[in-house]
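Working notes, beginning with the structure itself.
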């Protein structure tokens, strides 16, 4: 059995949902900023030529603000100018355009409201959409023919509704996709690649003094015999049943991973070695008492190790792996160390 390696870092694929979605929104904002110059500058110059100085000035400010954010996202992946300000500026420009130019400016409402959902999280987008509709619809009814205002308002509300549905579906699909990426499909434990990121996180927490953390490295004894003698279907059932035990006994702050094959890792946060050994012994005894196979006991060997400050991830995992080998060397179906001082 190889010592576990945590050099296969793939943290970009396993960022939190909101971080990944925010990166998507930032990219949309950057592309919108690049598009603002060729799309709006000619119209702004036309308004300037016609003497619509306020509208032209507002459009130029929108272009400048959008370009600044695009350059900021491109250079350091950060939105420099608040989207609340950007939205307010765009909305004021829209209202001025509707008042000055008239009916033809109503068409700009659709892209303005449509893009909001792709630039910010759903809850904030909803607030801005509702506020915008509350202001815009009475304003349009006041300025234009009632029939036109109603047709415009209904179509805009329909657009916002389906845009909200689309945004919600996108978020749910992403969350589901992420779950599929970070979990082992057979056992529903977290997979090895996600384990790498979690180990880095708990090491950082411990180095900052946020409490001790222990690692349990577990291996199902003679698992190859189960597969060879009883078939892979029985072996899969054993793996799933074993992880069910781990999930039922874990706390909300703990993590359960399938590191590969019949090897599993449990990270116990805010746990010292003495307590971790007791937890490991409870798990070992629970597995031993189960009757998953006819006329054959399933047992596990467990190596426990508490993280030592400034220890590398590889060193921590190697100590747990070495302790698991000690458990196997002394006859399997045991925890090593047996007692923590």
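The values are calculated or read from the model by the stated rules, or taken from the named source; none is laboratory data. None of these values were measured; they are calculated from a predicted model. All Cβ positions, even for glycine, are placed from backbone atoms using ideal geometry, and neighbour counts span all protein chains on display.
Of all residues in segment 202-222, count the ones that are surrounded by 14 or more Cβ atoms within 10 Å (Cβ to Cβ) and assigned to a helix (DSSP H, G or I).
Number of matching residues: 4.
For every residue, the table says whether it meets (1) under 26 Å from residue 319 (Cα atoms); (2) in contact (Cβ under 8 Å) with a residue 60 or more places away in the chain; (3) not assigned by TED's automatic domain parsing to the domain that holds residue 307.
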position: 229; (1), (2), (3): no, no, no
position: 241; (1), (2), (3): no, no, no
position: 245; (1), (2), (3): yes, no, no
position: 248; (1), (2), (3): no, no, no
position: 257; (1), (2), (3): yes, yes, no
position: 267; (1), (2), (3): yes, yes, no
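Could you tell me which of the residues 320, 304 is surrounded by 15 or more Cβ atoms within 10 Å (Cβ to Cβ) and either assigned to a strand (DSSP E or B) or at pLDDT below 90 (or both)?
Being surrounded by 15 or more Cβ atoms within 10 Å (Cβ to Cβ) and either assigned to a strand (DSSP E or B) or at pLDDT below 90 (or both) holds for just one of 320, 304, which is 304.
For residues that are under 17 Å from residue 237 (Cβ atoms) and part of a helix (DSSP H, G or I), tally how many sit in segment 258-287.
2
Hey, can you tell me all the residues within segment 138-187 that are closer than 22 Å to residue 259 by Cα, free of Cβ contacts under 8 Å to residues at least 60 places away in the same chain and surrounded by 15 or more Cβ atoms within 10 Å (Cβ to Cβ)?
Listed by number, the list holds a single entry, 183.
Quick one: residue 298 ticks every box in (1) buried (at least 18 other Cβ atoms within 10 Å of the Cβ); (2) within 30 Å of residue 206 (Cα to Cα); (3) touching a residue at least 24 places away in the same chain (Cβ under 8 Å) bar one, so which box is it?
(2)
Is one or more of the residues making up segment 67-77 closer than 19 Å to residue 95 by Cβ and at pLDDT below 95?
No, every residue in segment 67-77 fails to be closer than 19 Å to residue 95 by Cβ and at pLDDT below 95.
Look at residue 11 and say whether it is surrounded by fewer than 17 Cβ atoms within 10 Å (Cβ to Cβ) and either at pLDDT below 90 or in the same structural domain as residue 128 (by TED's automatic domain parsing) (or both).
So residue 11 fits the description; yes.
Answer yes or no as to whether residue 225 is closer than 23 Å to residue 286 by Cβ, surrounded by fewer than 15 Cβ atoms within 10 Å (Cβ to Cβ) and either at pLDDT below 90 or touching a helix residue (DSSP H, G or I) at 6+ places or on another chain (Cβ under 9 Å) (or both).
no
Find the residue count for segment 139-161, including only residues that are in contact with a helix residue (DSSP H, G or I) (Cβ under 9 Å, 6 or more places away or on another chain) and part of a helix (DSSP H, G or I).
Here the count works out to 15.
Being under 25 Å from residue 133 (Cβ atoms) and buried (at least 19 other Cβ atoms within 10 Å of the Cβ) is the filter here; which residues of segment 42-61 pass it?
Listed by number, the residues that qualify are 55, 58, 59.
Considering segment 25-38 alone, what residues qualify as being free of Cβ contacts under 8 Å to residues at least 60 places away in the same chain and either outside the structural domain of residue 92 (by TED's automatic domain parsing) or in contact with a helix residue (DSSP H, G or I) (Cβ under 9 Å, 6 or more places away or on another chain) (or both)?
Correct list: 26, 27, 30, 31, 33, 34, 35, 36, 37.
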